[in-house]
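Reading through the structure tokens given below for one structure.
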Amino acid sequence: QVQLVESGGGLVQPGGSLRLSCAASGFTFSTNVMYWYRQAPGKEREWVGDITRAGTTNYANSVKGRFTISRDNAKNTVYLQMNSLKPEDTAVYYCYTPLLGRGYWGQGTQVTVSS
């Protein structure tokens with residue numbers, strides 16, 4: 001079955017960096033677009049960015065220039081490198097992929113940006 005498992009979250013000071021990983025299994029990873037979303041307390045889940053199977057990336061304006069999405073098809077893993085983190089980046093981060101008419105989410109990983 002399809003599984004997405006995020007890791008790499010934690011507590012970081014403003015201006016710091018984190019790299020999140022999302023390990024995928026149960027489908028042909030290399031042919032699927034992969035998305036990152038986040039959900040802050042009391043807010044709706046929002047799109048952070050995505051990466052196509054060709055490696056083209058797109059980002060929300062709020063993270064453009066600070067976050068980078070990459071993928072390693074040999075490891076079935078997508079990454080979210082987050083730099084210059086701000087308190088407003090605090091959220092649970094999820095990876096997501098659509099497959100055969102339905103969407104699959106990971107369990108999420110908590111990122112807290114605080115001094």
| said: Tell me yes or no: at least one residue of the stretch 54-70 is surrounded by 14 or more Cβ atoms within 10 Å (Cβ to Cβ), touching a residue at least 24 places away in the same chain (Cβ under 8 Å) and charged (D, E, K, R). | reply: no
| query | Looking only at strands (runs of 3 or more DSSP E) that fall completely inside the stretch 57-115, which ones have 3 or more residues that are closer than 24 Å to P14 by Cβ? | reply | 67-72, 77-82, 91-99, 109-113
| message | With the requirement that a residue be of a type in the set (D, E, K, R) and either under 19 Å from V113 (Cα atoms) or touching a strand residue (DSSP E or B) at 6+ places or on another chain (Cβ under 6 Å) (or both), what does the stretch 40-84 give you? | response | K43, E44, R45, E46, D50, K64, R66, R71
| said: Condition check: within 19 Å of T112 (Cβ to Cβ), open to solvent by 20 Å² or more (accessible area, probe 1.4 Å) and assigned to a strand (DSSP E or B). Does R19 satisfy that? | reply: yes
| message | For the stretch 7-31, give me each residue that is of a type in the set (S, T, Y) and at positive phi. | response | none
| task | Those residues that are in a strand (DSSP E or B) and open to solvent by less than 70 Å² (accessible area, probe 1.4 Å), I need them from the stretch 23-46; list them, please. | result | A23, A24, S25, M34, Y35, W36, Y37, R38, Q39
| G49 vs. criteria of a type in the set (G, A, S), open to solvent by less than 30 Å² (accessible area, probe 1.4 Å) and assigned to a loop (DSSP other than H, G, I, E, B) | no
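The values are calculated or read from the model by the stated rules, or taken from the named source; none is laboratory data. Bear in mind that the values here come from a model prediction, so they are computed numbers and not experimental data. Counting neighbours? That spans all protein chains shown, and the Cβs are built from the backbone with ideal geometry, glycine included. Protein only, heavy atoms only, side chains kept; ligands, DNA and RNA dropped before computing areas. Shrake-Rupley method; radii C 1.70, N 1.55, O 1.52, S 1.80 Å.
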